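Colleague: I'd like to ask you about the structure that follows.
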Amino acid sequence: MLKLLSFPSLLALGLLAAPAAAQSPGPAVPLGRDSLTRKGYTLVFINQDSALAPATKQRMTEAFFTVYPQEAKRFNKQTRRRVVFFVNPAYKGVAATDHGIVDYSPKWLRERPEDIDVVTHEVMHIVQAYPNGSAPGWLTEGIADYARYVYGVNNQAGNWKLPDYKAGQSYTNSYRIMARFLVWLEQHGHPKVVEKLDAAARTRTYTPAIWQQQTGKTLDELWAAYAASPAVQLVYR
Ligand SMILES: [Zn+2]
C-alpha cells in the first residue's frame, strides 16, 4: 500500500529524537531504534512492539539489503539511501510507505511471519517515488507487486503467488492482477515496458497514450490480447 496523504513521519521523527525505550524482558527485540549501513544504504529500524521476534527483525533487515539495491539499480539509482522501518502498534493496516518511512503492523508480522516480502513491495514504493497524481494507483501498486514477484526472497514459503487470469478481471484490479499482466507483457514482446512506465510515472510524463507509444497498442487492446491468451511462465523464490 502507498500512503498519499497521511504523514506519520512526525511521529517517527519524534521517536527518532527520543532516547531508546526501556528493554523488555524475554527474547523479544528491545524497544527503540538502531541503524545499519551496508554498501551505501542505511536502514533505521524502529521497534515499538514489545513482542517482536528477533528472527523477524533479522529477516526483514536481510530482505531490505538484498532487495532494495536491486530495485534501485534497475529502476531508480537516485533513490533514497536511508530508509526507516517502523514496527508500529498504532498502525492498523498491513504495511504502508510514506516517503522513506515504512510502517509495519506488529500483528501482521506475528501472524504471517513468512510474509517477509511485504518488505519487497513496500521498499519498491520508495524506489518509485512517484509524485502525487502522476500515475494511476493500479499502476503504482501493480509495479510494486511486480517487483515483489521478481525480487522477492520468500514468496514461495509466504504462499504468495500471482493469481491465474480469470474472466472479468481488469488492470484496474491493481496489485497482483496488474503485476501478472506486466509479466505477460514482458514475455510477449515488451521486455522493457515496466522500466518505461516506471520512469514516466516518476517524471510526470505518464499518460494513457504511453501504452500505444511503447507497444503499438492501446492498454485496452493489450488487455484484450492478454485475456485471449493469458499464459505466462512464472518462477518463485
Ligand atoms: Zn503498495
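The values are calculated or read from the model by the stated rules, or taken from the named source; none is laboratory data. Here the structure is a predicted model, which is why all the values come from computation and not from measurement. Quick reminder, even Gly has a Cβ in these numbers, built from the backbone with ideal geometry, and neighbours come from all protein chains shown.
Colleague: Can you tell me which of (1) within 23 Å of Glu141 (Cβ to Cβ); (2) modelled with pLDDT of 95 or more; (3) surrounded by 15 or more Cβ atoms within 10 Å (Cβ to Cβ) is the one Gln70 doesn't meet?
Modeller: Gln70 satisfies all of (1) within 23 Å of Glu141 (Cβ to Cβ); (2) modelled with pLDDT of 95 or more; (3) surrounded by 15 or more Cβ atoms within 10 Å (Cβ to Cβ) except (3).
Colleague: Condition first: farther than 17 Å from Arg74 by Cβ and within 10 Å of the ligand (Cβ to nearest atom). Now tell me which residues in the stretch 126-138 satisfy that.
Modeller: Filtering the stretch 126-138 down to residues farther than 17 Å from Arg74 by Cβ leaves 131-138.
Scanning the stretch 126-138 gives a single hit, Gly137.
Colleague: Only one of (1) modelled with pLDDT of 95 or more; (2) within 25 Å of Arg81 (Cβ to Cβ); (3) not in a strand (DSSP E or B) is not met by Arg33, so which one is it?
Modeller: Here Arg33 meets the rest and fails (3).
Per-residue answers, yes or no, for (1) in contact (Cβ under 8 Å) with a residue 60 or more places away in the chain; (2) under 25 Å from Asn132 (Cα atoms); (3) out of contact with any helix residue (DSSP H, G or I) (no Cβ under 6 Å at 6 or more places or on another chain):
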residue: Ala72; (1), (2), (3): no, yes, no
residue: Lys77; (1), (2), (3): no, yes, yes
residue: Tyr91; (1), (2), (3): yes, yes, yes
residue: Thr120; (1), (2), (3): no, yes, no
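Colleague: Right, another one. How many residues does the stretch 113-136 hold that are surrounded by fewer than 16 Cβ atoms within 10 Å (Cβ to Cβ) and farther than 10 Å from Arg202 by Cα?
Modeller: Filtering the stretch 113-136 for residues surrounded by fewer than 16 Cβ atoms within 10 Å (Cβ to Cβ) gives 113-114, 131-133.
From the residues that got through so far, the ones that are farther than 10 Å from Arg202 by Cα too are 113-114, 133.
The qualifying residues number 3.
Colleague: Please work out if Asn155 is surrounded by 14 or more Cβ atoms within 10 Å (Cβ to Cβ) and of a type in the set (S, T, N, Q).
Modeller: It is true that Asn155 is surrounded by 14 or more Cβ atoms within 10 Å (Cβ to Cβ) and of a type in the set (S, T, N, Q).
Residues checked against (1) in contact with a Lys or Arg (Cβ under 8 Å, 6 or more places away or on another chain); (2) touching a residue at least 12 places away in the same chain (Cβ under 8 Å); (3) not hydroxyl-bearing (Ser, Thr, Tyr):
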position	(1), (2), (3)
Ala147	no, yes, yes
Asn154	yes, yes, yes
Lys196	no, yes, yes
Gly216	no, no, yes
Asp220	no, no, yes
Val235	no, no, yes
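Colleague: Condition check: within 13 Å of the ligand (Cβ to nearest atom) and either at pLDDT below 95 or not assigned by TED's automatic domain parsing to the domain that holds Arg59 (or both). Does Glu141 satisfy that?
Modeller: Numbers: within 13 Å of the ligand (Cβ to nearest atom): yes; either at pLDDT below 95 or not assigned by TED's automatic domain parsing to the domain that holds Arg59 (or both): yes.
For Glu141, the condition - within 13 Å of the ligand (Cβ to nearest atom) and either at pLDDT below 95 or not assigned by TED's automatic domain parsing to the domain that holds Arg59 (or both) - is met.
Colleague: Test each condition in (1) more than 18 Å from the chain's Cα centre (by Cα); (2) in a loop (DSSP other than H, G, I, E, B); (3) modelled with pLDDT of 95 or more for Pro25 and report the one that comes out false.
Modeller: (3)
Colleague: Related question: Could you say which residue among Val119, Val123, Val153 is among the hydrophobic types (A, V, I, L, M, F, W, C), away from the ligand (no atom under 16 Å from the Cβ) and out of contact with any His (no Cβ under 8 Å at 6 or more places or on another chain)? It would help to see each step written out before you state the result.
Modeller: Values: Val119 fails: away from the ligand (no atom under 16 Å from the Cβ); Val123 fails: away from the ligand (no atom under 16 Å from the Cβ).
One residue alone meets the criteria, Val153.
Colleague: Here is a follow-up. Does Thr97 satisfy the criteria of being at pLDDT 95 or above and under 20 Å from Leu36 (Cβ atoms)? So that I can check it myself, show each step before the final result.
Modeller: On the way: at pLDDT 95 or above: no; under 20 Å from Leu36 (Cβ atoms): yes.
No: the conditions fail for Thr97.
Colleague: Still on this structure, please answer the following. For residues in the stretch 64-116 being more than 25 Å from Asp198 (Cα to Cα) and assigned to a strand (DSSP E or B), which is farthest from the ligand (Cβ to nearest atom)?
Modeller: Among residues in the stretch 64-116 that are more than 25 Å from Asp198 (Cα to Cα) and assigned to a strand (DSSP E or B), the one farthest from the ligand (Cβ to nearest atom) is Val87.
Colleague: Any chance you could count how many residues in the stretch 60-80 are closer than 17 Å to Ser35 by Cα and either among the polar types (S, T, N, Q) or over 16 Å from the mean Cα position of the chain (by Cα) (or both)?
Modeller: Summing the residues that are closer than 17 Å to Ser35 by Cα and either among the polar types (S, T, N, Q) or over 16 Å from the mean Cα position of the chain (by Cα) (or both) in the stretch 60-80 gives 2.
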